[in-house]
Structures are given as structure tokens and as C-alpha cells.
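One structure is given here, and the rest of the page talks about it.
The values are calculated or read from the model by the stated rules, or taken from the named source; none is laboratory data. All figures in this text were calculated on a predicted structure; none of them were measured in a lab. Neighbour counts run over all protein chains shown; Cβ positions are idealised from the backbone, glycine included. Note: accessible area is taken over every heavy atom of the protein model, side chains too, but ligands, DNA and RNA are not part of it. Shrake-Rupley method; radii C 1.70, N 1.55, O 1.52, S 1.80 Å.
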Amino acid sequence: MQEILLAVISPVVFAGAVRIAAPLIIGSVGGCFTEKSGTFVLAYECFMLIAAFFATWGSYVSGSAVVGSLIAVAVSILVGILFGILVFRFQANGMIVSIALIYGAWAVTTLLLVTIFQVRGSFISPDIISYQTVSIPFLNRVPVLNEVLNNKIGPVYLAFILAGAAYVVMYKTPFGLRLRGVGMNATAAQTAGTNIRRYKWTALIIMCACCGLAGSVIPLSGVSMFTENMTSGRGFLCLAAVLVGGGNPIKTSIVAFLFAYTDALYLTLTSFGLPTQLLSCIPYGAVILVLIVSKLRGRRTAALGTRRSGRRKKLTV
Amino acid sequence: MAETDYVLELKNIRKTFGTLVANDNINLRVRRGSVHAVIGENGAGKSTLMNIITDLYEPDGGEILLNGKRIRFKDPMDATRHGIGMVYQEFMVFGDLSVLDNIMMGFEEKKWGIFLNRTKARMRIEEICRDYHFNIPLDARADTLPVAVLQQVEIVKVLYRGADILILDEPTSVLTPQGIQGLFEAIRFLKAIGKTILMITHKLREVFEVADEITVLKNGKVTGNVLPDEVTEEQLANLMVGREVILQAHKLNSRIKSPVLQLQNVSVKENGVQRLKNLNLEVRSGEIVGIAGIAGSGQQQLAGAVVGLTRVEKESRIRIAGIEAQEKSVRERKKMGVGYIPQDRMKEGVNKAGSVWESAVMGYQTVRGFPRKYLLDRKLAEDFTNQIIREYSVKTKGIHEKVINLSGGNIQKLVVGREITLCDKLLVIEDPTRGIDVGAIEFIWEKILRIAAAGAGILLISHELNEVMQLSDRIFVMYNGTLEYGGVHGELKEEEIGLLMTRGGDADEKEMENQ
Amino acid sequence: MKKKWKINEEAESNLIRYAAALLAVLLIGTVLIAVQGENPGTAFAEILKGAFGSKINIGNTLRHTMPCILTAIAAAVAFKSGVNNLGLEGQIYFGALTAAVLGYAFKLPPGVHVIVCLLASGAAGMLYALLPAMLKLIFRVDELISTLMFNFIAVLLTEYITMWWIMGGRGSDGSNAISTPPMAASARLPGLIQGSSASLGIVFALLVAVLVYLFYRYTVKGYELKQVGENIRFARAYGIPVARTFLGIFLMSGFISGLCGGIEMSGSYGSFTAKFITNMGWDGILIAYIARQNPIAIVVVSFLWGALRAGSLQMERMTSLNKLTVNIIQMLFVLFAAIDYKALFDHMRGKYMRSREAG
Amino acid sequence: GKKEESAADRGGSPGETYKACFITDGNLGNDFVDLIWKGFQNLEQEGWEIKCIEATDNSEFADDIRSMASEGYQVIMTWEDNVSQAALNLADEIYKNYPNTHMFLLDTYVDHDKPNCTSVSVDPFESSFVAGFVASKMTQTKTIGWIGHTDVLKIRRFRDGYIAGAAYGDPEVEVVYSFTGDYLDPTKGQEAGSAMIANYPVDIIYQSCYLAGPGVIKACSEGGIKCIGVDDWQGDLDPCVFWSAIKPMDVAVTQVALDYKEGKELPKQMDFNIAAGGAVYDERDLQNIPEELQKEVKQLVEDISTGKVDVYKNFEEYRLEY
Ligand SMILES: Nc1ncnc2c1ncn2[C@@H]1O[C@H](COP(=O)(O)OP(=O)(O)OP(=O)(O)O)[C@@H](O)[C@H]1O
Ligand SMILES: Nc1ncnc2c1ncn2[C@@H]1O[C@H](COP(=O)(O)OP(=O)(O)OP(=O)(O)O)[C@@H](O)[C@H]1O
Ligand SMILES: [Mg+2]
Ligand SMILES: [Mg+2]
């Protein structure tokens, strides 16, 4: 029992969480933009998976992780454009397009593995170059922080920077203000001179770029390989983080980090012989718990006389 | 020359929705520095026209001249840049944002080229508020504000954007007499400093009060361009609806009998705020009880408490036709014969996504009840719908048309028609004639009076003081959650009631003094 | 007389969508198959053969149609009333596990046993749907996300239950599969076509679809549910008990999902195996959307889906193509069917008119 | 009687092309599935017609088996217990309609009475035992680790074989274990490996995590410790993989198919254990361990083969009955 409690606060778990959190934070911070702009996208998983594949390919071809990521971002944006055309132009339902894309991504990447690399299931090669870990000198002298924060790959730090930057963009710039306006009341935003279509597109592109980057971090974080369905549900966790965080980049990142933390904790806890099936439930249970807690808090603020306007068409009972 | 006298000219504006011609070659000239009223029946195409001016809709044909020059706006923003600002019928607010953010949206002050400069924006807005005598809380969240304040926010927003021409779409429909006076003062002031105002309204009296020029629309066409001094109210009404309409309720003699609604000690608390305080009220069959009051003083909660949508405090007693009902659900009360016309008819009165018949029979399934309890009798439902459409002259292509395609006024008629047809005991009405034209108002008033005469008790909650005074047998004024007696029909003058609305009874005054 | 032949607007726009989507998919599919160095003709022929080539093949098609219909109906029931129940998969899992356990653990007379298993599976799905419903009603937790999470949890939890409670943590009989003991013959649904795994389940599915269709079209309750879905404030203001309705819809949707799991067990599998399906719930959601929540359209699309499924298996067996190709084709179909062609057409026509006017 | 008859039939027609089909629940691209497929490819060299069906969904298994039998495939091999279970369920029906078709249930340990089914196993317990033995001899820290993907019975065979072997080699050695929770995601493997290295003084980790395995190997390589591969020889993935507990399924596959072709009588169960000539390590790995240990390993394998060492001694529940 004591062991378990110790594990909960051990720096090892936090260090793991920081690493695992990187793609989750990057992806969900991107999702904040579409969420705030009022576009309903579920397809994080699709963007990330396709990005993961092309990051692997890019890195394999160019020998550089950064180039891999850039290619991943580009391809992810292309898929996003497909989404945008279907949803914005052709008025298709965002949810159904998302689900179809999530499905399709798995089939497409697997077929691409065959056509490009002539392998099935997984592709592993020493030519796939991952990101190198970065050592921050001054952290060396700080005992716990050093273990938790130091010697991680670049994208890990980038994730945290992105979260902060997204917050500033969202709440401190005209762009962010208008973006939120578009999501809250599109007609009103239009009368305020905002080009709704352009803002929705921009938000979508930002989201796709972020998901692309997030997806590229997965194969290039050290494993240097691509496997079928490699994102394995991370996209859904990103979605959950965005919904729980309400599209606020900071809150969303915190939630994403919480998921990463439960994941890291799981990896340590399995050594204690607890049933893995139950332990695996922890992140999902955590989502629900966080939701409950955030709603309880929401209730308190509601009591102070504020009201939330429903953004999506949904049942409020 | 005369050319430049007109700041805005519309020539042959045409707009169709499918086969429906909403604007049929409309010509309109607005003089600089004047207040120009556009009036017309429901669905006459006024909002559409205004939306064309601000480029929210693209016209199918015609041209717009601004300061004598032909112009084609690229987007609503472009119109704004050219000094045209619109206050929409449905306010364009961002509920989650602060008033400050609401106003500066789209016209942000910037810091270092990329960041928002809220300080500077605040200074500018405060200046505008000072100059034009507006008083609005800049840091409040928009959705916590009452409509009257929101309207000011909307006007300030338009001014902040540098508008020279202000378009107001039915600006008074949500205001109290005092609020309306405030608005008119603002309008006159704006005119005095050289702004041009284009105002849409249904209320003829207001037209005479502020307008310099009047354009009347009917069925998408201009039927008249007149000056207020040249016409009488009757003539104007005639232009609008094509026949004589005199807005005068003819109260019928009805025999007032046993109480259908008794409220004792009714209190409502919402999110910790006391909305209703120990109300006592009685509505008898055959009687119309009118409740006047400014927005936010608790009328909505009163209606909610009576129909069962709002939970009342423990000690409250509500009797409907003598039966204790405070614990009963909305549906049970409906079965007891309670009808309800909600204020927000677009959102609460109909299902916009559904077809007309679906909205028309709502409540029918429980009140009259279809003969078969579980199976829906489509034939009956359709007949009932057709009956309403006929009797209330709802303009629609048919009962399978989607409600969303009906104009605002016709949706109103649909709701009012349904409830009046269905109700036989107690009818709770909030603003029955909000946003509809004189012809329809006359018609609806008559219907209300008629069912009262037939023996229904009516609780009429209206922001239209005139309406309350004309229709009600007894008048109450709601102030801050309490009721003040306003006398029987014709006893008190409009000014006296208006005073009660803003100040409440003496008791409250004393209370205030004590604090 | 004339009126009888007039297709209603909705059916018409649905047909346009399906036709357009099929056409587009055929084109793209041809390219996709040709690129992989296979003859598209052969591939499509194999798909057709696999779907309808013989009695057995038709049986296979029906077998795959069944879960599609049920999950899609479950989804449609929820979506129609504005409930975002994405938790079909989880509800299927619990329904299946329940049916499987009752099927092996009890001895009941033949007819009764199946019915008990199926009803219990529906009840289990319903109970599992109760969780997110209560979270929504009590804590206002958005069901969209909670049901999504409950899906993941259901898969893990049923595996846990099977492995630790039912199998006692050990596979004593030597098999390593995490599965329950086989269900008794009395708990199995009779087969429909010899040599295929089509069972009487398809009849149940059709029955549910028809019932739901009739329910929405001809009952007062169905009318009310539709109003709740389309405008909840309206429904509330006129006395439809919204919270109860919400719960009812969730439970109904959960019941149908659970039933789907139960029929899968009784009809096809015969014992519950951990992770026995992948994405069945999502299939249902997609189909419900393509069919615009219309039960009759759902049956049609499900049949198409089942045929594609059975056909793709055949294609995989007979050609060098992988059924992932068909997966991609299916997804393209969804994407094309999701397009609002009417709006698109109107938009284009508007543009054309304007350009003509301008020019 | 019947059995011999059909066996004789099979041997009777020499001109016939033999067709073998592999129905797998896991996709190609995983070492173990690829290993089985390697066995099929050997058959192709022998002139067989081969076919692989990657069945992704449990609902497909029965259809696949029926159709392949009806297409005249004489040998149907199934992998993953779910497929095998479906094969067993269908066995009687297939026997009735297609008496010439024989089904091999790969990697199962199931007891059954179907004449046209043969369970073919290569029990990882022995190879894991040997790996555990090697690890216990190589560890400096007296702590070795094992990482599996999920806590399921099949995967526990690897763990407990490893523990048994380590205990046999050096009772002092402590074995720690954990699970990645996901068998497709290598980053989970990497994190699990890193966590184990950070939490315990392990210097050797044995991974049995399917596609997540390369992640564990990566973590070991980054953490500067040694790793033991699984299923196939994984020394090519990273230099830190000094040993692989192999499971020569390819050999088994080829051999049983050829047995079928020759008309040999096929038992209901067969295990390619050490005693039956199965390999548990790859010769290439021997150079990675001290010469002394090489001898000990060879001796151990010999002893297991002769029955002198009973690998299941403290793990009775894993003992195979045949
Ligand atoms: N989106 C639409 N689709 C179809 N018809 C529409 C649409 N919007 C408006 N109309 C029709 O155009 C006509 C004019 O509508 P508009 O809203 O301008 O009326 P209005 O004069 O403001 O009336 P009201 O006072 O009732 O609001 C109405 O008959 C309405 O049915
Ligand atoms: N559910 C709610 N939560 C928080 N604030 C609310 C809520 N409903 C109304 N308000 C606020 O309470 C104030 C009173 O509004 P309300 O609509 O209740 O007025 P009312 O008394 O019914 O007036 P009227 O019926 O004339 O509009 C407004 O500022 C409004 O924004
Ligand atoms: Mg209007
Ligand atoms: Mg209007």
C-alpha cells in the first residue's frame, strides 16, 4: 500500500507523465481553436495517425526528425482541408465526417505501409531518426525537477510553450477574440465584420497543424518506428481534454497532463500485481471524475448569476 | 444639392427566398440627419431590407446609393466601414463575453500591433457613453444583463464603430415606457448631432413621436412614403394592412365568476436570488388580470410558477380551479386547463426544426387529448392545424412547411392561435403582441377578449403598458418581485402605473430609505 | 392515386445522396483497386458474389446486417432526441456478456432460455447506459464524452470480469482465450440459413426497426420524443417531462444496443470473448447518420453495409486485395453520403444565376 | 479406422496442388505472425499455394473458415485462440462437408476431440525458462525485469517461465514485472521500460509485448541495459538485445503441413517443445554470453529435453498434458 502511495508522487511517474503528455497537450491545444470557433471535430485520431505515419516516412527519407514533423504537419493540414471542404462547403455533418476519417486513417496508413515500405503492420528502421533529448544545464543542479523536466526531447518543451502561446493568442489578441466570437454567435461575429469562414478555416488549420505535430512526436519520440493504429486512442483523450477544458488552452493542457499522469502511473502500478484491466480504466475514469468535479465547480459559478450559452445543439436537462 | 440631401438611397431592391418575393423592387430614400421609420405588417420584408442594406443578405437585384454614389459592399464589415451600423431585432451579443469585449469585437484597439488593448478600448467606450449619455457596465458578462441595457450596449457598439447611419430593427419591442422614452431621447440626441436613424417598428404611436419620415411596406412593396404631419394613425394603418385598423380594445361584458387561479404567499428563489416575494393574486374565470412591470422584475418567474416551469418555495400555495397545484408538473397543470404563451416564442413557443403541424398540435395531445391515448391521429392533427392557420391567417405554404421558414409574426400567430384555441380555463400570456403589426394586434386582442368572455381566466403579462391597460379588468404592477395593485380597468392613468413600475409601492420606498 | 406515388422530399434527397455516393465510390474504388495492381472488375465481381452469390453468401450478408441495423437504430433513437449516446459499443459489450453468462450458467427450457438471455442482455445494456444518463442528470456531465469513456471502460471491464470472475484468473482447460464457457444449446438462436452464421437475430433486428419506425410515426410518445430532440425548451414549456424523457431515450438506446450484443452471442458467437468486436458501435452511428435517423433507410443502408462486409471478405479471400480497401471504400461512401447535395446544388445554382446576372 | 482411411486418401493423389491458408487475428507485421507466415512461405517454395487472411473482427472467423474449406484448401491454420475456438466450433460441420480439410490451431494448448483439428503449440514457457536462466546468470544487480503487454493468460506463460528459469539459475535474483497495457503502441513500451529502469535496479529486461516490444527495447538501449527479445530473433533491432527467447513457429508450421501432405497421422495436439526438437534460442545469440554460460545453457536444454529438469516444477498450472 505504501509502495503505491509512494509511486503516486514519485518523480519517475511525473517524468513519464511529462513525456507522455507532449503529444496530448500539443493535440488538444490545437483542438481548443476549433472548439472555440464552434467547429465540431472528433477526428483528432485521424489527423494524428496519418501524421504519425508521414512523420515516420519523412524522417526515414530525410534523416531528420524536424523534417519528418514538418511533413506530418503538412499532410495533416491536407486532411484537414478535406474535412473543411466536406463540412464547411458541402455542409456535411462534422461528427460523421470525423468518424469516417478516423476509420479511414487506420486503413489508409496500413495500406500505405504496404505500398511505400512493403511491410505489414509495422515499420522499423535505423534510418528513422527521432528527436534528440535536450539537456538544460541549470536544471542539472535541481534534484527532483531535473529528473522530472530535464533531458526530454524538444517537442516536450514545445508542448508547454505552445499551451502558453495558445492562451495568449486566444485571450489577448484580436484574432482570439474574434475566433471566440465566431464560435459563440456566428451571425453576431459576422455583423462585427468577422469573416466566419476564414476564422473557421484558420482554426481548423491550426488544429490540424497541432495534431500533425502531436502525431509526429509519437513515432519520433525515441521508438523510431511506426505501427498500425499507433495513436491508440490518444486522439480521443485529446478530444476529452478539450471538452473538459472547455477550449481554454491552459485548462485543457492541465487536463491532458492529468491523463498523461494517470497513464504513467499505470505503468508503474502494474508492477504491483494489480489487474491491468482495472488499472487501464484509470485514465478514462479520470476523465469522468474531472468532468464531474468541473461541473460541480461550474454549478457554484452558475449560482453567482452567470449563465452559459449552449454552443452545440445538445440536450440540457 | 438635393442629391446629397439623401445619405442613403435604395433603388429597385429585390430579394427572393425560393418562390417567395420578400422585397419587390423597393425604393427608399433616407434624408441626412433625419429619423426615418419603416413600418409594415409581419412578413412585409422590413428585416430583409435592412439585412440587405448591411449586406447580411445579398440582394437579387437593385442598387444602393450611399451619399449619392453607387456602392456595393463586400461584406457586413464593409457596410460598417462606410458608416452604416445596425442594431438587430435579435441582439448580436456574445453571451459569454464581457460587455467591453462585445463592443470592441471586430474593431479592436491594438497594442504592439498584435495584442488587444483593452485599456484604450475602454477609454474610448467610456467616452462615447459619456458623450451620448449611456450608462452600461463594461465588465459584466453580456448574458447577465437585462434587455434594456443590452440594447444600449448595441447602440454604443454601433457608435463605437463610427456609424453615421443607425438602423434600429424594432427597438422598442422589449422596452418599458420609461425605457422607450430613454431610447427616444437618445435617438433625438443622436439626430441632433447629425446622425441618421432608420427605424423599424410596428407601433404607430412611436412613429408619430420620433419619425421625420415614414415608409410603409406591404407584401414586399412600398405602399407609401409619408410625413407624420400629413397622415393620421388610421391612414397609416390602412397603408400597412390595407384596411382601417384602430387600435382600441372593445372590452366585452363577461361575467366574472369563481377563481381559476389563486396564488398565496408564492415565493421563488433562483440561484439564491429572491425573484418573487410572497405574492398573493387571484384570477377569476372571465377576467383578465394584467401584470405590468419593467423587464427583470420577476414576471417571467411568475408565469413559470403558474404553469409549473419554475419551482416555488415550500410555503407557496398555488390553486388552479380550486385544486392545490404547486406540486403538480407542467403536464398535469396543462391537463387542468392551463394554457401558456411564452415570451420567447421563437425558442419556446415552437419547434423551428419541425413542421408547422407539429408545433401547432403541441399540447393538444394532452389537453383535449387525441381520442386514442397512445396513437397519434394524423388526420385530426392536420385538421386542427389547418383550423389555426385559417382562423389566425398564418401565412405559410402548408402544414408540412418547416416552421423556420415562417416570418416572425406568423410564428407568433401560430403560437397564440394554438393556445387560445386549446385553452378553456386559465391562460398565461407573456407579451402576446410582441413584434407583430397593428392588424394582427387588433385581431389577437379580440381573440383574448373573446375567450375571456367565454369564461377563461387570463393572466396577462406584458411590457406593453398600453396593452395591459386596454385589456385588463384588474391591473397589477410587478416591481422587484412584489405586486402592487394598479386599480381596475381605467382607474389609474398611464403615468401613475409607469411610476409604480419604476419605483414600486411606498413600502419599498421606505425600505430603500431605511437602507 | 397520384399522391401515393409521390415520394416524399426526405426519401428523395436520401436517394439522391445514396446514388451520388455510390457513383463516386465506384469511381474512386476502381482507381484504388487498379492502383494496387488488381482488376477492378474481378474485385467488384467477387464482392457481389460474396454478398449475394449463393444462399450461404446471402446468409453471411444477413448475418452482418443484423448488428448494423440494431446499433444504427439504437444510435438513431438517441440522436433523434438529441441524446449523444456514443456509448453503443460499451452497452453491446455488457449486453453480450450478460447473455453469455446466463446462457451457460442456467438451465432453462429451450424457448424461454433464449428469451431470458436476450431480455437480460437488453437490460444490461440499459443499465450500462444508465450510468452516463445519471451523470448527465445529476452532474450535467456531457454524455458525448462520458459515453466515449465508458466504451473504453466497458471493453476493459468485461475482459476483467471474464478473466478474473468467470475464469478465476486461470485458463484451466488449456485454452488461452479469455472467454466464457459455451452457452447451452437452449440459449442459442436457431440458424436461418444452413452453412452460414445467419440466425433468427436478423428477424429480431427487423422487428425492432419496424417497431421504432411505427413508434415515431404513429404514437404520441414518438411525437413527443421528436419535439424533445428538436427543441428541448419548447418541449419543456409544454409539459413534456424532459428529464424523464432523456432517461427513457438513453435507456431505450441502451436496451437496443445491449440486445444487439445478446443476439450476437445467442445467434453467432455462442460464448463471450474479450474484445469480441471492434467498432460495431461506430458502424451503427455512421449508418444512423447516413440514413438520417430514418429507421427504414437504416435497414437499407445496413443491408448495403452487411453486403459490403460479406463481399469484402470474399474479395480478400479470392484476390490479392486486402479488405482494408473495402474499408476505405466504405468510408468514402460515408463521406460522400454525408454531403448535403441539395444545399450544394442550391448554392451552385445561386452562384450561377448571380454570375449570369452580373455578366 | 476412419482416420487412417482419410490419411490414405490424402497420400493418394500426387499430382494435386496443395493449398494452405492462414487465418490470423493479428495482422502481418508483427514478429510472431510474420514468423508463422515464414513457415507458409517455406511451403510456397515446396509448390504449395498459400493464402493469408487477416481477419480483424471475430464475426468473420467462421465465414472465413467455411469459405476457405469450400475453396478446396486442404490445410487451414488458425492463429489466436479466438480464431481457433471458431475452428473448433465448426470442426464437425467442416468434417462432414470437407473431409479432406485439416485444421491446425496454432499456438493453442486446447484439449479437444475433433479428428480434423490439431493444436500446434510452441510453448514459450521453456524458452522463457531458458531466457530467465540466462538472465539470472548475466545480471550484475541481481534484479531482472519482464514486461508484457496485458495481463492475460497467454502472456503470463512468458512471465512465469522466465521467473521459473531465473529461480532455477539463481534463487537470489529478483524478478520484477509490469505491463504496457497496449500491444500495438511502442511508445507505451518505451515508457514502461523507462519506468522500470527508473524504479528498479534492473539490468536485463525481457519483453513479451507484441508490437509494443520494440519500444521496450528502445528504452533498454537508452537506459544502457540489456534486453531479451521474444518470438523471433530480435538481435537485429538493437545491439542491446543479446538474447531472444524464440518460438520457432515457422518450423512447426512447415513441418505439420508436410506431415499432412505425406499422409502421416496427425495427433490432436502437438507441442514443438525442446523434447520434440524445437529450438528455444537462436545460435547467433550464443556469442553474446560467456563461454561458460554457453555450456550451461546447452546443458540446460539437454536436461530439459531428457526430462532431467522439469520446467513446470513450481508452475503446475502451465503443464501441458500431452
Ligand atoms: N430564410 C428564409 N427562408 C424562406 N423565407 C424566408 C426566410 N427569411 C424570411 N423569409 C420570408 O420572407 C418574408 C419577409 O421576412 P422578414 O423577416 O423580412 O419579415 P418582417 O417584415 O421582418 O416581418 P416580422 O415583422 O414578422 O418579423 C417572410 O414572409 C418570410 O416568410
Ligand atoms: N437562468 C438564468 N440564470 C441567470 N440569470 C438569469 C436567468 N434568467 C434570467 N436571468 C437574468 O435575470 C434578469 C431578469 O431576467 P428575466 O428574463 O427573468 O426578466 P423578467 O422579470 O421575466 O422580465 P420579462 O419577462 O419582462 O422579460 C436578466 O438580467 C436576465 O439576464
Ligand atoms: Mg422584423
Ligand atoms: Mg422578421
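Straightening the chain between B:LEU380 and B:GLU332 buys 15.0 nm, computed as 0.36 nm per residue apart minus the Cα-Cα spacing.
B:LYS397 sits with roughly 150 Å² accessible to a 1.4 Å probe, with DNA, RNA and ligands left out of the calculation.
Take the accessible area of B alone and of C alone, subtract that of the pair with a 1.4 Å probe, and the total buried over both chains is about 2300 Å².
Of all beta bridges that DSSP places with both ends in chain B, some 55 percent have antiparallel geometry. Accessible area per residue for the protein assembly as shown, computed on protein heavy atoms with a 1.4 Å probe, is 38 Å². In summary, the helical segments of chain B meeting the span-like criteria, namely a full DSSP H run, a Cα extent along the axis of 18 angstrom or more and a mean Kyte-Doolittle hydropathy of at least -0.5, are B:147-160, B:177-192, B:408-422, B:438-453. By DSSP, what percent of the beta bridges with both residues in the protein assembly as shown are antiparallel, rounded to the nearest 5? Here the share of antiparallel DSSP bridges comes out near 40 percent. Other residues within the sphere of radius under 11 Å centred on the Cβ of D:ASP185, judged by their own Cβ, net out at -2 (K and R +1, D and E -1).
Return the tail of the calculated pair distribution for chain B, meaning the percent of Cα-Cα pairs more than 30 Å apart. Counting every Cα pair in chain B, those more than 30 Å apart make up 52 percent.
Mind grabbing the interface size between C and D? I mean buried accessible area, both sides, 1.4 Å probe, in Å² to the nearest hundred.
Details: alone 18650 and 13890 Å², together 29830 Å².
Buried: approximately 2700 Å² between D and C.
Accessible surface of D:PHE158, taken over heavy atoms with a 1.4 Å probe and every protein chain present, rounds to 10 Å². Placing a label point 7 Å from the Cα of B:SER393 along the Cα-to-Cβ line, the residues of segment B:13-54 whose backbone N sits under 16 Å from it are B:40-45. From the Cα gyration tensor of segment A:91-165, with a ≥ b ≥ c the square roots of its eigenvalues, which class applies: rounded if a/c is under 1.5, or else prolate if a/b is larger than b/c, or else oblate? In terms of gyration-tensor shape, oblate. The interface between chain A and chain B buries about 2200 Å² of solvent-accessible area in total (1.4 Å probe, ligands and nucleic acids excluded). About its Cα centre, the dipole of chain C is roughly 940 debye, where the only charges are +1 on Lys and Arg Cβ and -1 on Asp and Glu Cβ. Among the DSSP helices (H) of chain D, none spans at least 30 angstrom by Cα along its long axis with an average Kyte-Doolittle hydropathy of 0.5 or more; this is a geometric and hydropathy rule only. Here segment D:243-306 and segment D:168-223 have alpha carbon centers that stand 25 Å from each other. Each principal axis of the Cα atoms in segment D:50-130 has its own extent, and those three values, largest first, are 43, 27, 22 angstrom.
Each Lys and Arg adds +1 at its Cβ and each Asp and Glu adds -1 at its Cβ; summed about the Cα centre, the protein assembly as shown shows a dipole of about 5020 debye.
How much mean residue ellipticity at 222 nm does chain B get from its helices, if each DSSP H run of length 4 or more adds -39500 (n - 2.57) and you divide by all residues, to the nearest 500 deg cm²/dmol? Don't skip to the end; give the middle numbers.
Numbers: 18 runs with 176 residues, N = 515.
Calculated at 222 nm, the ellipticity per residue is -10000 deg cm²/dmol.
What residue among C:SER199, C:ALA237, C:GLY222 has its Cα farthest toward the positive end of the dipole of segment C:164-254, where the charges are +1 on Lys, Arg and -1 on Asp, Glu, each on the Cβ? The residue sitting most towards the positive pole is C:ALA237. Taking the dipole about the Cα centre of the protein assembly as shown, with the C-beta of Lys and Arg at +1 and of Asp and Glu at -1, give me whichever of B:LEU150, D:HIS149, D:LEU286 is farthest to the positive side. Result: B:LEU150, furthest along the dipole toward the positive end.
Farthest toward the positive end of the dipole of the protein assembly as shown, out of B:TYR485, A:GLY273, D:ASN27, is the Cα of B:TYR485, where the dipole comes from beta carbon charges about the Cα centre. Can you list the DSSP H helices in chain A whose Cα atoms extend at least 27 Å along the helix axis and whose mean Kyte-Doolittle hydropathy is -0.5 or higher? Those that clear 27 Å and a mean of -0.5 are A:11-37, A:65-84, A:196-217, A:249-269, A:282-303. Residue ranking by accessible heavy-atom surface, 1.4 Å probe, largest first, among C:TYR341, A:TYR60, D:TYR109 comes out as A:TYR60, C:TYR341, D:TYR109.
Quick check: with the 1.4 Å probe, what order do C:ARG349, B:ARG331 take by accessible area, largest first? Present the calculation step by step, with values, prior to reporting the outcome.
Numbers: C:ARG349 125, B:ARG331 45 Å².
These residues rank, largest area first, as C:ARG349, B:ARG331.
For segment C:178-192, backbone nitrogen atoms closer than 18 Å to the point 7 Å from C:VAL112 Cα along Cα-to-C-beta are found at C:184-189. Roughly how many percent of the accessible protein surface of the protein assembly as shown is carbon and sulfur, given a 1.4 Å probe and a whole-percent answer? Roughly 56 percent, rounded to a whole number. Per residue, the Cα convex hull of the protein assembly as shown amounts to 210 Å³. When the Cα convex hull of segment C:13-172 is projected onto planes of every orientation, the mean area is 15.1 nm². Length, then width, then depth: along the principal axes, the Cα atoms of chain A run 54, 51, 41 Å.
Comparing the full protein assembly with the isolated chain, the residues of segment A:202-223 losing at least 20 square angstrom of accessible surface (1.4 Å probe) are A:SER221, A:GLY222, A:VAL223. Lysine pairs in segment B:1-121 with alpha-carbon atoms under 25 Å apart, 8 or more places apart or on different chains: how many are there? Within segment B:1-121, the lysine pair count is 11. Ligands, DNA and RNA excluded, the heavy atoms of D:TYR168 present near 110 Å² of accessible surface to a 1.4 Å solvent probe.
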